[in-house]
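The next block holds one structure in the form of structure tokens; read it before the comments.
The values are calculated or read from the model by the stated rules, or taken from the named source; none is laboratory data. Model, not experiment: these values are computed from the prediction. A quick note on method: Cβ atoms are made from the backbone with ideal geometry, for glycine too, and the neighbour counts reach across all protein chains shown.
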Amino acid sequence: MLKLLSKHIYDVEPPAFGLDISDFVLKIALLKPQGENFTLASFIETPIPEGVVQGGEIKKPDELLKIFRESVKNIKGEKINTKFVSATIPERKSFLRIIQLPKMSGTEIENAIKFEMEANIPLPLSDSYYDWQALGESSVKIDHQDILVAVAPKSIIDPYNELIKNAGFLPKVLELESIASSRALIPDLKTEKPTLIINLGATQISFIIFSNEAPRFSTSINTPFRNHLTYYISEHMKISMEEAENVKRLAGLDKTKYEGEIFKALEPILKSLVTQIRDFADYYSSHAQHEHASKAKIAKIILCGGDANLTGIAPHLSEILKIPVELGNPWVNILPSPLKESPLMPYEKSLAFTSCLGIAIRGITK
């Protein structure tokens with residue numbers, strides 16, 4: 001998959017731990033081989049104070065460096081004994097797009113892709129890092145080839161690179177969150193029909209279309225408030241955020257609990273989410289005729305992120321959208337089937353660790 005800063009740097013791929021940084025949490029996961037599969041060797045989740053990272057941009061590098069070093073020191077499980085890091089980079093100011101080119105050689109693609117990116121990506125190439133991957137042909141015969149392109153501004157990438165080096169490590173891979181999430185959730189990174197991944201995070205909701213062997217498109221939207229589901233329950237029921245979090249976990253969308261007040265509090269958000277899903281699916285459908293024999297339709301939706309643990313959300317969305325909706329399994333490419341959790345990390349927590357586990361897989365594979 002795409003690796004913005006590490007294309008062919010190492011003759012022998014060194015093992016690396018996964019690092020995932022959001023505005024309010026730093027996560028680390030280290031995997032190790034176990035037979036034909038992998039196992040979780042260690043992990044940690046450390047809060048980040050407000051203002052240290054904003055919208056994916058590192059605003060206070062010294063404070064974040066201290067948090068990073070303390071996280072490595074206090075990691076749960078085996079101590080980290082590698083100097084290499086595979087890290088996610090924020091999706092919000094980066095771009096993942098499919099560019100269509102006539103069939104040509106790799107050298108010709110490299111020359112043509114810069115011109116196409118200038119027309120398709122709203123970032124100056126001189127101020128950006130980019131990477132590309134030629135995708136395999138779909139079942140539909142086409143007269144062109146699809147190129148998956150990832151572009152990220154240097155103003156975002158360089159501080160992450162510096163953070164890793166200042167902590168005494170070396171960057172092996174810096175990769176978009178959407179690619180890391182796909183690696184964690186899509187079995188063997190292959191699907192026959194388009195799958196929509198929705199990451200329900202504390203501060204943003206991400207949408208990723210995965211088809212054939214790669215993510216085809218991604219976008220993200222900011223939530224109006226941090227932990228917005230809990231916030232709306234708190235406001236609706238006139239209770240504290242701590243109490244709201246507890247009743248959210250206990251009741252979820254069960255209308256028989258708390259006289260249905262939890263569902264009432266969250267119903268406007270759920271309706272908005274359904275609208276966003278439909279709009280995103282329609283956009284993909286209208287732009288993917290070249291990939292599919294007929295109008296492309298989302299065959300399945302996979303939920304991940306901390307708020308995917310909201311009881312009843314998958315069947316609720318499935319009933320309204322008339323599409324199968326399921327909770328993701330971030331261990332599908334790590335543990336042997338049918339396992340869905342590690343002794344170190346329960347399944348519910350792993351949903352919030354999806355991107356981190358995905359980049360950790362990249363850390364010990366090519």
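Overview of results
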| quantity | calculated |
| --- | --- |
| Enumeration of residues in the stretch 18-63 that are small (Gly, Ala, Ser), within 22 Å of Asn166 (Cβ to Cβ) and more than 17 Å from the chain's Cα centre (by Cα) | Ser42, Gly51 |
| Test: Phe263 is touching a strand residue (DSSP E or B) at 6+ places or on another chain (Cβ under 9 Å) and not charged (D, E, K, R) | no |
| Count of the stretch 1-22 residues which are surrounded by fewer than 22 Cβ atoms within 10 Å (Cβ to Cβ), more than 11 Å from Lys366 (Cα to Cα) and either aromatic (Phe, Trp, Tyr) or modelled with pLDDT of 90 or more (or both) | 1 |
| Pick from the stretch 181-234, criterion aromatic (Phe, Trp, Tyr) and over 30 Å from Glu245 (Cβ atoms), ranking: surrounded by the fewest Cβ atoms within 10 Å (Cβ to Cβ) | Phe217 |
| Residue list for the stretch 149-175, filter: small (Gly, Ala, Ser) and either more than 16 Å from Arg69 (Cβ to Cβ) or modelled with pLDDT under 95 (or both) | Ala150, Ala152, Ser155 |
| Among residues of the stretch 351-366, those that are within 13 Å of Asp20 (Cα to Cα), part of a helix (DSSP H, G or I) and of a type in the set (A, V, I, L, M, F, W, C), counted | 6 |
| Those residues of the stretch 94-136 which are acidic (Asp, Glu) and either within 25 Å of Gly56 (Cβ to Cβ) or exposed (fewer than 13 other Cβ atoms within 10 Å of the Cβ) (or both), in sequence order | Glu108, Glu110, Glu118, Asp127, Asp131 |
| Scan of the stretch 45-70 for residues that are within 30 Å of Pro187 (Cβ to Cβ) and either crowded, with 19+ Cβ neighbours inside 10 Å or among the small types (Gly, Ala, Ser) (or both), ordered by number | Gly56 |
| Those residues of the stretch 176-219 which are of a type in the set (Asp, Glu) and assigned to a loop (DSSP other than H, G, I, E, B), in sequence order | Glu213 |
